[in-house]
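The values are calculated or read from the model by the stated rules, or taken from the named source; none is laboratory data. Computed from a predicted model, the values in this text were never measured in an experiment. Note that each Cβ is placed from the backbone with ideal geometry, even for glycine, and that neighbours are counted across all protein chains shown.
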Amino acid sequence: MSDPATVAPPKIVESVGVVLANDAYAGGQYILRLQAPEIAARAVPGSFVHLRCAPELPLRRPLSIMLRDQTKGWIDILYKVVGRGTAALAERQVGQQLPLLGPIGNGFSPAPRGSRPVLIGGGVGMPPMLLLASELRREPHFRPVLFLGSEVPFPFAPKPSEFMLDGLPPGVLATMPLLDDWGIPARLASGQGFAGCFDGLVTDLARAWLAQLDETARQSVHLYACGPTPMLRAVAELARGFDLPCQVSLEEHMACAIGGCAGCVVQVATPTGPAMKRVCVDGPVFDASTVF
């Protein structure tokens, strides 16, 4: 697998997105659909936009791209209301315009042909995993598996999956309907007792499935993850325990998102020693072993 930092990022454009939908879900979650053709054409799994949530708020917010349609020119963004900016974003109506920059950042590096990509997403870290899955499904030599976790209701109606996954507790059948439509096996995890979900952490769900693979099958696995830092740390430990390559997309507060302010730096291990890297333009995707 190539180093994520060596993958050329998409060209950043300044654009004005038009709100096509801004649908509310339980737990203060929203899915925003924006007409933004230039960004839809350039987005790669792992890239994000820097979006101005309201005219009275000069600072933009970084939000991951969840899905895109290059032909129709739209992008979908999942966000959760956690502060003034996202609260203002939740008030945006169909037809309103939102200034944005994007797509920003280095995306996920492709795994070798014939490998088994295993995607792990937690909370609002699910979007990059869904965009990656949407790209992987177009390649017949990949057989991705997804594990998604949330401690609030999922922003979709889970259903029993048509695809079996060995090594999981009885009754763990819930999936995202879109993933079943794509022919991708997936399971959901939560500690909130949601029907059909694994009762616990999404990393423990992934561990249970990885543990039942034989050594040959396990050696083909490449891990990809996005979510809160404790989850990513647990994924990195999972990768070390099974000796698997792993890429993670980090979440950090950002001011400029184009590398100028250095407000989102993290320490990264390099061949010449520790270095400070900017999550916005040097990431957000890094090799897990270099940041955890």
Total residues in region 219-229, condition over 15 Å from the mean Cα position of the chain (by Cα) and in a helix (DSSP H, G or I):
1
Kindly indicate whether any position in region 4-18 is at negative phi, modelled with pLDDT of 95 or more and among the β-branched types (Val, Ile, Thr).
yes
Going through (1) more than 21 Å from ASP166 (Cα to Cα); (2) surrounded by fewer than 16 Cβ atoms within 10 Å (Cβ to Cβ); (3) touching a residue at least 60 places away in the same chain (Cβ under 8 Å); (4) hydrophobic (A, V, I, L, M, F, W, C) one by one, ALA262 fails only at (3)
Looking at this structure, is ALA257 small (Gly, Ala, Ser), under 19 Å from the mean Cα position of the chain (by Cα) and modelled with pLDDT under 90?
yes
Being in contact with a strand residue (DSSP E or B) (Cβ under 9 Å, 6 or more places away or on another chain), closer than 20 Å to PRO45 by Cβ, part of a loop (DSSP other than H, G, I, E, B) and not assigned by TED's automatic domain parsing to the domain that holds PRO45 narrows it down to one residue among VAL281, VAL285; which is it?
VAL281
Condition first: exposed (fewer than 15 other Cβ atoms within 10 Å of the Cβ) and among the β-branched types (Val, Ile, Thr). Can you find one or more residues in region 239-252 that meet it?
no
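Could you tell me whether PRO99 is surrounded by fewer than 17 Cβ atoms within 10 Å (Cβ to Cβ) and in a strand (DSSP E or B)? Talk me through it step by step, then tell me what you get.
Values: surrounded by fewer than 17 Cβ atoms within 10 Å (Cβ to Cβ): yes; in a strand (DSSP E or B): yes.
It is true that PRO99 is surrounded by fewer than 17 Cβ atoms within 10 Å (Cβ to Cβ) and in a strand (DSSP E or B).
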Out of PHE242, PHE156, PHE163, which single residue is aromatic (Phe, Trp, Tyr) and touching a helix residue (DSSP H, G or I) at 6+ places or on another chain (Cβ under 6 Å)?
PHE242
Only one of LEU232, LEU244 that is of a type in the set (A, V, I, L, M, F, W, C), assigned to a loop (DSSP other than H, G, I, E, B), on the phi < 0 side of the Ramachandran plot and out of contact with any Pro (no Cβ under 9 Å at 6 or more places or on another chain):
LEU244
Of THR203, THR216, the only residue that is over 19 Å from the mean Cα position of the chain (by Cα), assigned by TED's automatic domain parsing to the domain that holds VAL124 and part of a helix (DSSP H, G or I) is THR216
Kindly indicate which of GLU162, GLU139 is over 16 Å from the mean Cα position of the chain (by Cα), in a loop (DSSP other than H, G, I, E, B), of a type outside the set (Lys, Arg) and at pLDDT 95 or above.
GLU162
